[in-house]
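The values are calculated or read from the model by the stated rules, or taken from the named source; none is laboratory data. Not measured: the values here are computed from a predicted model. We place every Cβ from the backbone using ideal geometry, glycine too, and count neighbours over all the protein chains shown. Just the protein is used for accessible areas: all its heavy atoms, side chains included, with ligands, DNA and RNA removed. Shrake-Rupley method; radii C 1.70, N 1.55, O 1.52, S 1.80 Å.
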Amino acid sequence: MPNIKSAKKRVLVTEKKTARNKAIKSEVKSEIKKFLALVQSGDKAAATAKFPTTCSVIDTAVSKGVLKKNTAANKKSGLAKKLNAMA
């Protein structure tokens with residue numbers, strides 16, 4: 001445990017940010033899993049309806065600084081390919 005006041009504060013801030021980032025990453029993963037489950041089940045209408053919300057959650061993670069822009073674009077591209085391959 002640090003002795004200096006500023007170091008103690010850094011520990012607290014880091015813990016808070018880590019928890020926030022973990023929650024956002026978990027939300028992104030959950031949304032992707034839900035979308036992929038719909039794709040796997042073959043329900044094109046439901047998957048099409050779920051796609052914008054999944055992309056929105058990914059974009060939110062980018063705006064919060066949890067994911068990088070290219071990573072998000074890569075994830076969204078892969079999901080779109082799976083959706084389009086359902087036809």
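What to note about this one:
- Apportionment of accessible area to carbon and sulfur, the chain, percent (1.4 Å): 57
- Heavy-atom accessible area order for 58, 24, largest first, 1.4 Å probe: 24, 58
- Rounded tilt (10° steps) of 5-41 against the dominant C-alpha axis of the chain: 10
- Note on the chain: Cα Rg divided by 2.2 N^0.38 Å, N the number of residues, gives 1.46.
- Accessible surface for the chain, divided over its residues, is 72 Å² per residue with a 1.4 Å probe.
- Anisotropy class of the range 1-48 from Cα gyration tensor, a/c 1.5 cut: prolate
- Each of residue 80 and residue 40 was given a label point 7 Å from its Cα along the Cα-to-Cβ line. The distance between the two points is 2.5 nm.
- Remark: for residue pairs 25/81; 34/68; 9/75; 16/82; 16/69, the C-alpha separation exceeds 32 Å in 9/75; 16/82.
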